[in-house]
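What follows is a set of notes on a single structure, which appears directly below.
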Amino acid sequence: MSRVSVPCHVKGTVALQVGDVRTSHGRPGVLVIDVTFPSVAPFELQEITFKNYYTAFLSIRVRQHTSMHTPAKWVTCLRDHCLMPNPHSEEGAQDYVSLFKHQSPSMTFPKWLSHPVPCEQPVPLLEGLPDPSRVSSEVQQMWALTEMIRASHTSARIGRFDVDGCYDLNLLSYT
Amino acid sequence: MSQEESDISLIIAQIVQKLKGSNLYAQLERQAWASLQRPEIKLESLKEDIKEFFKISGWEKKLQNAVYSELSVFPLPSHPAAPPEHLKEPLVYMRKAQGSWEKRILKSLNSMCTELSIPLARKRPVGEQKELLNKWNEMGTDEPDLSLFRPVYAPKDFLEVLINLRNPNYENGDSLSFRTHLGLIQVPLKVKDIPELKECFIELGLNTGQLGIDDSTQVPPELFENEHVRIGQKVLAEQDSAAAQQYVRQGSPTALRAELWALILNISSQPEDILYYEQLKTNVIQHDLLVDSLIYKDVKLTASNDDYYFVFEDYLYQVLLCFSRDTSVLSHFAYNSASPPKSYIRGKLGLEEYAVFYPPNGVIPFHGFSMYVAPLCFLYHEPSKLYQIFREMYVRFFFRLHSISSHPSGIVSLCLLFETLLQTYLPQLFYHLREIGAQPLRISFKWMVRAFSGYLATDQLLLLWDRILGYNSLEILAVLAAAVFAFRAVNLMEVTSLAAAEAVLADLSTLKVMPLLQIFLFATVT
C-alpha cells in the first residue's frame, strides 16, 4: 500500500487568550493551528509529520461529519501529547515529529476521512526481533539509496585528499 | 509494523550498511568460505552450521563488538524528514553560531596565510622529502622558526563565543532577574542534577570498589584489587567490548589498560591498519601543510614544556601530522555540528570537481590540541596503534569539546552542568566568586576543554579517562571540575580577586580524582 502526502492548507496560529488582547501583558501559552483539506476526496490518514518549534504539548482535534442531517462534531484524536519533556529546556524543541494513526487512543476513525481498513494482525515476531524479510527489504532500500547517492556524488578517490595528485590550494572558502 | 519495530529495523539496516564496507565484513566472508572445508559444516543446515562455527571461533564476538561500537558512536537514525544538518545539530541557533565561529577561524587562517605569504599546502621537493623521511623519528630535534605563527585560537576565545550564545526563542529579560542565569552560559539546555548523576554514575558509589581509592597502599589488595584484576583478565580473554566498557567504570588496572581501551574502542591492529598509517606517513612526506606549523607550535608550547609529556614529543608529531592527512576522519562530521573547511585547487575557484577539504581531515588544531594525544603515549608505543586509538578517541569524544552543540556531552552542556552544580550545591561559594569578578567557569573552562590533560597527574588523568570510556560520556569532566571547587572551597572563600582565585586553583597535580568525585556525588550533605 503506497502512501502519498495529502495537500493541505495550514492557517496561521491563533492565540487562545482570556481577556482583552491589547491590555493583558501575559504571553498566551496555547495557540491553535487550523488545517484544512480543500477539495480532497475522503482519505485514510496514516501519519502527520511536522517540525516542532518550542511546542511542549500537542492536542489534535478533527471535525467529523457523520451524515447529511446531523451537524458536524469535533472529536479529540490526541490530547496533550508531550513533545518537550522539560518545556524550560531545549529537549525536543526543534525535533521532527511523526504522529501515527495507531497513537490515537479512541479509534473510531472520523467517517469523513473514509472507511478505514481493519487493523491487520501483527506478524508474530521471534523473541521481539523484527521480521527478517522486512529487515532485508529495508537493507535493500538503504543499499539502493546509497548507490543513488554515490552515483550523484562528485567525490574524490577514497582515501585521497588531492585532485589528480595536485593539492596546490588557494585560500579557504567561506561558503 | 509498529513504530519501535520499524525503528529497530532501520537501525539494523544502517549498521549492516556501515559494516558492509569494513574489513570485518571481508574477513567474515573469507572465514565463511574457508569453513566450508570443515566436516561439521553440512549443506542441509549450512546457515546454522556457519553461525555455530562463528560463535565457537570467536568471530561472532568480533561482530558483536563491531555492532556495539557502531551503536556507541553513531546517533540513532533520526526522523526521515530530518535533513543531514539536523543530525549534526538539531537546534538552528546553535548551527548558526557554529557556522559563524568557523568563519572566524577560516578568516584567521587565511589572513595568516596572506600575511606570512605561506601557502596552505605545497608539495615538498624530492630533497626535502628524503630529509624528512630520514628524521621521521626525531622531528622534535628540528627547531623551525615558528615565531611568526600564532595559534588559530585559544580556549578563552572559544569561551567568549559560548558566553554570547542566545536562544532567540528564550525570554530572559534584559535586566538581571531571577530568570537570568547567574553563570556565564545563558542557553537553557537540560543538564543532570546530583540525584540524576548519582543514578547515572552508580558504579562510583561508596559501596562499590574503585581503582583510585580502594587500591591505595593502606587497603589490603585481597579486599578489592586482586579480584578486580582477575575480572579484568577474564574480560580481556572474552574479548567482549560491552563487558570491557562496564568493567572500566571501576577503573582499569595499569597493566591491562592499553588492551582494555583498545577493546572498548574496537581497535585491533590489522595489517591493513598498519598499511593505512604508512600511507598517511607518505602523505606527510609528500605534502607540507600550513597546519603542520600550527601543530609544531602547539607541541612546542604545550607538551614539550610539560614534565610528564616532553619525552613523547616525537610521537606527537608522528600522530598529529598523520591525523591531518586522514580523510577517514571526515565521516565523523555527519554527527559533529562542525563542518570541514573547504578550498579549491589554485586557479579553479568555484569549480566543484576541484573542491577539496583543508586540512584533509577537516580539523584545524587549536592551542592545546596536542594534549589530547600526550596521555595516550603512556599506553601505546607502536605509532600506528597509538594513532588508531587517538583517532577513535577524537571522533568519539574530543571533537565535542571544541564545537558548539546541544549534545549532553558537548562543551556547552558541560559548562552549564558545571555552573549549575556549583550554584545549586555551593551557592555561597558561587556568589562570592561572582562578586569578586571571578566567574568560576572562566577558571574551569580550560580544564574541561582539554579533558584535564596537562592539569592532573598522569595516573589520575588515566583513571578519569577510564570513566569517560566506561560511561561513554564527557559529563564526568564537569562533575570533577565542580568537585575541585568544592574541595578548595575554604581557600576560595577567602580570596578577593580573580587572580587570587586562579592561584588557588593553579596546581591540580596533587589531586586524587576518584575520592573527589565520590565525595562530591555521594557524600556531600545537600
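The values are calculated or read from the model by the stated rules, or taken from the named source; none is laboratory data. On a predicted model such as this, the values are computed, not experimentally measured, just so you know. Heads up, the Cβs are rebuilt from the backbone with ideal geometry, glycines too, and the neighbour counts pull from every protein chain shown. For the accessible areas, the whole protein counts, side chains as well, though only heavy atoms, and no ligand, DNA or RNA atoms are used. Shrake-Rupley method; radii C 1.70, N 1.55, O 1.52, S 1.80 Å.
Considering only region B:326-355, how many residues are at the interface with chain A (Cβ under 7 Å from one of its Cβ atoms) and of a type in the set (S, T, N, Q)?
2
Check B:Leu433, B:Leu421, B:Leu386 and return the single one that is more than 14 Å from chain A (Cβ to nearest Cβ), surrounded by 20 or more Cβ atoms within 10 Å (Cβ to Cβ) and either in contact with a Phe, Trp or Tyr (Cβ under 7 Å, 6 or more places away or on another chain) or not in a helix (DSSP H, G or I) (or both).
Going through B:Leu433, B:Leu421, B:Leu386 in turn, just one is more than 14 Å from chain A (Cβ to nearest Cβ), surrounded by 20 or more Cβ atoms within 10 Å (Cβ to Cβ) and either in contact with a Phe, Trp or Tyr (Cβ under 7 Å, 6 or more places away or on another chain) or not in a helix (DSSP H, G or I) (or both): B:Leu386.
For residues that are assigned to a strand (DSSP E or B) and within 16 Å of the chain's Cα centre (by Cα), scanning just region A:35-56, find the one that is modelled with the lowest pLDDT.
So the residue we want is A:Glu47.
Could you grab me the full set of residues in region B:237-273 that are open to solvent by less than 70 Å² (accessible area, probe 1.4 Å) and over 23 Å from B:Ile213 (Cβ atoms)?
Of everything in region B:237-273, those that are open to solvent by less than 70 Å² (accessible area, probe 1.4 Å) and over 23 Å from B:Ile213 (Cβ atoms) turn out to be B:Asp240, B:Ser241, B:Ala242, B:Ala262, B:Leu263, B:Leu265, B:Asn266, B:Ile267, B:Ser268, B:Ser269, B:Gln270, B:Asp273.
Looking at B:Tyr358, B:Tyr372, can you tell me which residue is within 7 Å of another protein chain (Cβ to nearest Cβ), among the aromatic types (Phe, Trp, Tyr) and touching a residue at least 60 places away in the same chain (Cβ under 8 Å)?
B:Tyr358
Taking the condition of being closer than 30 Å to B:Met94 by Cβ, open to solvent by 40 Å² or more (accessible area, probe 1.4 Å) and not in a loop (DSSP other than H, G, I, E, B), how many residues in region B:113-159 meet it?
2
Among the residues of region B:346-361, is any out of contact with any strand residue (DSSP E or B) (no Cβ under 8 Å at 6 or more places or on another chain) and open to solvent by less than 10 Å² (accessible area, probe 1.4 Å)?
Yes, region B:346-361 contains a residue that is out of contact with any strand residue (DSSP E or B) (no Cβ under 8 Å at 6 or more places or on another chain) and open to solvent by less than 10 Å² (accessible area, probe 1.4 Å).
Does B:Ser293 count as part of a helix (DSSP H, G or I) and within 22 Å of B:Lys130 (Cβ to Cβ)?
yes
So in region B:304-335, with the set limited to residues that are at pLDDT 95 or above and in a loop (DSSP other than H, G, I, E, B), which one is farthest from B:Leu132 (Cα to Cα)?
B:Asp326
Could you say which residue among B:Leu87, B:Leu76, B:Leu63, B:Leu109 is in contact (Cβ under 8 Å) with a residue 60 or more places away in the chain, part of a helix (DSSP H, G or I) and more than 9 Å from chain A (Cβ to nearest Cβ)?
B:Leu87 is the lone residue from the list that is in contact (Cβ under 8 Å) with a residue 60 or more places away in the chain, part of a helix (DSSP H, G or I) and more than 9 Å from chain A (Cβ to nearest Cβ).
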